[in-house]
Structure formats: structure tokens, C-alpha cells
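Structure record follows, encoded as C-alpha cells.
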Amino acid sequence: DQFDNLDKHTQWGIDFLEKYAKFVKERIEIEQNYAKQLRNLVKKYCPKRSPKDEEPRFTSCIAFFNILNELNDYAGQREVVAEEMGHRVYGELMRYSHDLKTERKMHLQEGRKAQQYLDMCWKQMDNSKKKFERECREAEKAQQSYERLDNDTNATKADVEKAKQQLNLRTHMADENKNEYAAQLQNFNGEQHKHYYIVIPQIYKQLQEMDERRTIKLSECYKGFADSERKVIPIISKCLEGMILAAKSVDEHRDSQLVIDCFKSGFEPPGDFPFEDYSQNIYRTISDGTISTPKQEGMRIDTKTTVGKAKGKLWLFGKKPKGPALEDFSHLPPEQRRKKLQQRIDELNRELQKETDQKDALIKMKDVYEKNPQMGDPSSLQPKLTETMSNMDRLRMEIHKNEAWLSEVEGKVAARSDRRHSSDINHLVTQGRESPEGSYTDDANQEVRGPPQQHAHPNEFDDEFEDDDPLPAIGHCKAIYPFDGHNEGTLAMKEGEILYIIEEDKGDGWTRARRHNGEEGYVPTSYIDVTLEKNSKGAVTYI
């Protein structure tokens, strides 16, 4: 008798099912947006494709990029969660909701039909009952009329007979309606019993089973909702473990070593500033002043310029001056030059290996063609083989040339490291041998800080005026590296030796210099530290 309430309950169950399906749909959208935002974040901070030299080498950078990769995988797992929920939960709920509505509609229609049939049987029974009641009243009236006429002495026999016939008719009709009512009543009772004990319980049972299946389906979807998340937990855990491993891989000492290797120049720290002796003019004789003044005036070193340019040479601890890149990387500091040369040699060796493999393949193919002419013409491979051999010879020459440069750099670095301890001792000794004229003497060599001393002898005056007038000094320089000077026109020098500049570098990498004894020649500009006079073309420091 609670058909309407069951109708409302089953409708509420379907509404609740659809409400949960809507919840799952919104959760899927959240997961998809979350995964999309994570991927955009990774794409934003992921490095773009860069040349090999610009690839990150620091462990902190590599760890961060590994974390980004793990985060990208984590975003992929969020997409898997959304896909699994959409397929296993939301899609299943929507299909089941449609089937549930169809089944509920069918059961409710069956229940309404049974109720309508029972109502029809009740109406038929009620109509037969009312008709039987009406016929009974009519029969009672006919009986009363007949009895009244029968007791009336004045009534005719015909009237009595007529009343009797009417009574018999009404009694017969009442008996028929009685039988019909009894039959309808029996039928209604049977249908009502069937309705409440068979039909309706069966329909209610079907509705109950449907509602229980809905509840079970909700339980399965709840479980599937959680399983979708639980399935990716192992992979997410691996992503998190990868992030932790990336964090542990950061090595501060290795990063510091990379910085050292990257910016290590191989230069030694700048030495002490030389002593500028302003007492030379006090001890200079009159004859020296009259004869040597023009030369000394041209060769005198401006103190302000010297100090200013000496400050400017500290570029190896500050900004490195930009210059044109040379083939032998001589524009770079020794350590960086050694690395660049080693990288070039490695690349050339790889190219040589490729050419060697190609040559071997061509030779094998040529042998096959010679043995099997139908497969190809052996002479067609000769141009390619010649080209490969030429490339190999060129690469060998390049490797040999770069190895020579590398040996030169490594030899200089080793020689400089061997002389490092002795240079400190020599520096202390030279400070004690300073003369009033500004010259520095050693047992085997002399290093003159001021202009060369002229002696007032007649033959020296004659020689000086008979020879061509030498070029005036426009500055001075200090040798940073030793130079052998075997080639003609070059000037050998030792590390730390001070020379006079008589001609600037014209762009070919060579500077013309002169010793205190008058010996002249060209020295590499990159091997000296140059300080020019104010009246020169420009105060430029070459290193």
C-alpha cells in the first residue's frame, strides 16, 4: 500500500546516482586541469634546446631538470587517474543510470496496471452490489404491495394476480443480481488477494532488487574511484623518490670544481709594482744630461700612466677583454686554451674515426663489386674513396697541428709551475740589488728599469752619431711568458723581463721591442704586458 512512497524513493535513488556522477565528472575536470597546469609549469621552466656547450653541467641544475622530468611524469599519472575515473566510474554510472531509469519505469507501469485492474474489479463488484441492493428494495416493495392487495377485500382478483406476478419478477431479478454480486465479490476478493499477495509483492521485490543493485553499483564506483587513485600510487612514489634522489645528487664540491674549471685562466696573480726611482735626475751628470736628454726624454716612463695601466691589467680577476677568436685559441688564457684545444682534438678524432669506418666500408664494397660485377661497378666507388682518403689526410694534419699547440701550452704550464717557487726567491733578491739609477742586476743578466746609461767616451759618441738614430721608446712591457725567439727578426725574452716598446702591434699579433743593450726584435703581443706613454697612440694594455 506504499506504492507512491516507493515511487518517490526509487526516483531519489536515481537522482542521488546522477548527483554522484556529476561529482565524479567535476573531479575528473579538476584532475585534467591540474595535470595541464603541471605540464605547462614544466614546459615553462624546462630548458630549451641549446648547443652542447651551453648544456647545464652543475649538479644543482641537473637535479632541478630531473625534478622537472619527474614532475612531468607525475602530471601524466594525474591524467591516468582522470582517464580511469572517466572510463571506470563516470561512464559506468551514466550507462547504469540510463538502464535504471528504463527498468524503474517498466516496474512502475506494471504496478499501476495491477492497481488499475484491481480498481476495475472493485468497481464491477460495487456496481453489482448496488444493483443487487436496488433490486432487493424493489422486491420488498412488490411484496408489500402484493400483501396489501391480498389483504384488501375490495381488491379484484386481477389486481392481486398482477401484484403477485410483479413480486415474482422482482424476486427473480433480485436473485439474479444476488448471484451476480456474489460472483463479482468472489472475483474481486480473488483479484485483491492476488494483487496484495502475488502481483504487488513481486513488483516491490523487483523494485527492491533494482534499488539494491543501484546501491551495489554505487559501492563499486566508490571503490573504483579509490582504486583509480591507488593504482598510480606506486608510480607517483617512484616520481617522488626520483625527486629525492635528484636532491641527494647535488654536490656542492663538484659544482665549485666546475666553476673553477670553467673560469680557470692559468695565469699567475700579478706581481708587485716596480720601484719608480725619481732620484735619477739628482745623480745624473751634466754631460749625461746634455747628450742623453733627448733620448731619455723620449724613453722616460710616465708614472701616472704606468700606475693607471698597471691597474688596468688586472682583468684576469675582473672582466676579460673581448678580442677576435684565433684558430689556435691564443687569445684565451692558458688553461682555457688547453681545454679548447683538447675538445677540438677529440672532435677531430671522432671525425677521423667516422672517415676511417667509411673508408673500410667502401673498400669492402669495392671487393664485393670486383668479385661480383653484376652487383655494381668497382670504379664508381673510386671518387668517393679518394675523397675519403683526402679527408682523412686533412683531419690527420689538423690533429697534428692542434696537438702541437696543445703540447706547447702544456709545456708552458708545466714550466711555469716549476718556476713558481724560484720566482718568489728571485723577486726578493732583485729588490736588494736596486741601484740609484734604477737598474736591476743579476749574476748572468741585467734588467734595466730606466733608460740605458750612456758613458761619456769619445768613441761612443762617434759611434752613436755615425749610426742611424734608433726609434724612440713609446712605452715599456713586462714578459708574462718566456719566448725562445728562434725565428729571424724575433727577440728572445725571459719571463718577468722588462723591455722597451718601440713599435705597437699593427694587428698581426707582434710587437717590436728593444732590450737595454740595444738588441731589437719582435715578440708576441699575447706574451707581454704593455704600458704605453701618454703621448703614444693610446694607453692600451695587452695580455
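The values are calculated or read from the model by the stated rules, or taken from the named source; none is laboratory data. Just so it is clear, the model here is predicted, and its values are computed rather than measured. All Cβ positions, even for glycine, are placed from backbone atoms using ideal geometry, and neighbour counts span all protein chains on display. For the accessible areas, the whole protein counts, side chains as well, though only heavy atoms, and no ligand, DNA or RNA atoms are used. Shrake-Rupley method; radii C 1.70, N 1.55, O 1.52, S 1.80 Å.
Go through ALA174, ALA163 for me and flag whichever is in contact with a Leu (Cβ under 6 Å, 6 or more places away or on another chain), in a helix (DSSP H, G or I) and either surrounded by 13 or more Cβ atoms within 10 Å (Cβ to Cβ) or on the phi > 0 side of the Ramachandran plot (or both). First the steps, then the outcome.
Numbers: ALA174 fails: in contact with a Leu (Cβ under 6 Å, 6 or more places away or on another chain).
Result: ALA163 is the single residue among ALA174, ALA163 that is in contact with a Leu (Cβ under 6 Å, 6 or more places away or on another chain), in a helix (DSSP H, G or I) and either surrounded by 13 or more Cβ atoms within 10 Å (Cβ to Cβ) or on the phi > 0 side of the Ramachandran plot (or both).
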Exercise. Name the pairs whose Cβ atoms lie under 6 Å apart, with the first residue in segment 15-29 and surrounded by fewer than 18 Cβ atoms within 10 Å (Cβ to Cβ), the second in a helix (DSSP H, G or I), and 6 or more positions between them or separate chains?
Worked result: GLU18/SER97; LYS25/TYR90
Exercise. Does any residue of segment 74-91 turn out to be within 30 Å of SER219 (Cβ to Cβ), in contact with a Ser or Thr (Cβ under 7 Å, 6 or more places away or on another chain) and open to solvent by 80 Å² or more (accessible area, probe 1.4 Å)?
Worked result: yes
Exercise. Scanning for something among the small types (Gly, Ala, Ser), crowded, with 17+ Cβ neighbours inside 10 Å and touching a helix residue (DSSP H, G or I) at 6+ places or on another chain (Cβ under 9 Å), does segment 51-61 turn up at least one residue?
Worked result: no
For this session: Could you grab the pairs with beta carbons closer than 9 Å, sequence gap of 6+ or different chains, first residue in segment 372-389 and more than 16 Å from GLU355 (Cβ to Cβ), second one open to solvent by 70 Å² or more (accessible area, probe 1.4 Å) and among the polar types (S, T, N, Q)?
Result: none
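Looking at segment 88-134, which of its residues are of a type in the set (D, E, K, R), over 19 Å from TYR204 (Cα atoms) and touching a helix residue (DSSP H, G or I) at 6+ places or on another chain (Cβ under 7 Å)? I'd like the intermediate steps shown before the answer.
As a first pass, look at segment 88-134 and keep what is of a type in the set (D, E, K, R): 88, 92, 95, 99, 101, 103-105, 110, 112-113, 119, 123, 126, 129-131, 133-134.
Going one step further and asking which of them are over 19 Å from TYR204 (Cα atoms), we end up with 88, 92, 95, 123, 126, 129-131, 133-134.
Listed by number, the residues that qualify are ARG88, GLU92, LYS129, LYS131.
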For this session: Search segment 488-537 for residues being closer than 20 Å to LEU326 by Cβ and aliphatic (A, V, I, L, M), and hand back the single one that is farthest from the chain's Cα centre (by Cα).
Result: VAL523
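How many residues are in a loop (DSSP other than H, G, I, E, B) and at pLDDT 50 or above if we restrict to segment 300-352? Reasoning before the result, please.
Quick first cut of segment 300-352, residues in a loop (DSSP other than H, G, I, E, B) only: 300-302, 313, 318-333.
Okay, now just the ones that are also at pLDDT 50 or above, so 323-333.
Qualifying residue count, segment 300-352: 11.
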Exercise. How many residues does segment 329-358 hold that are open to solvent by less than 40 Å² (accessible area, probe 1.4 Å) and farther than 30 Å from THR525 by Cα?
Worked result: 3
For this session: Tell me, yes or no, whether segment 365-380 has at least one residue that is open to solvent by less than 50 Å² (accessible area, probe 1.4 Å) and among the aliphatic types (A, V, I, L, M).
Result: no
For this session: List every residue pair whose Cβ atoms lie under 7 Å apart, where the two residues are 6 or more positions apart in sequence or sit on different chains, the first residue falls within segment 340-359 and is in the same structural domain as MET397 (by the TED database) and β-branched (Val, Ile, Thr), and the second residue, located anywhere, is assigned to a helix (DSSP H, G or I) and open to solvent by 70 Å² or more (accessible area, probe 1.4 Å).
Result: ILE345/GLU403
Exercise. Of all residues in segment 493-511 being over 15 Å from HIS476 (Cα atoms) and small (Gly, Ala, Ser), which is most open to solvent (accessible area, probe 1.4 Å)?
Worked result: GLY507
Seminar exercise, completed: Being in a helix (DSSP H, G or I), more than 60 Å from the chain's Cα centre (by Cα) and without any contact (Cβ under 8 Å) to a residue 60 or more places away in the chain narrows GLN116, GLN124 down to just GLN116
Exercise. Is segment 80-94 home to any residue that is touching a residue at least 60 places away in the same chain (Cβ under 8 Å), in a helix (DSSP H, G or I) and closer than 30 Å to LYS248 by Cβ?
Worked result: yes
Exercise. Taking into account only those residues within segment 181-238 that are under 41 Å from the mean Cα position of the chain (by Cα) and among the β-branched types (Val, Ile, Thr), which is surrounded by the fewest Cβ atoms within 10 Å (Cβ to Cβ)?
Worked result: ILE233
Exercise. Taking THR511 and the conditions (1) within 21 Å of GLY271 (Cα to Cα); (2) modelled with pLDDT of 50 or more; (3) in a strand (DSSP E or B), which numbered condition does it fall short on, given that it satisfies the others?
Worked result: (1)
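For segment 363-410, which positions are polar (S, T, N, Q) and not in a helix (DSSP H, G or I)?
Filtering segment 363-410 for residues polar (S, T, N, Q) gives 372, 374, 379-380, 382, 386, 388, 390-391, 402, 407.
ASN372, the sole residue that qualifies.
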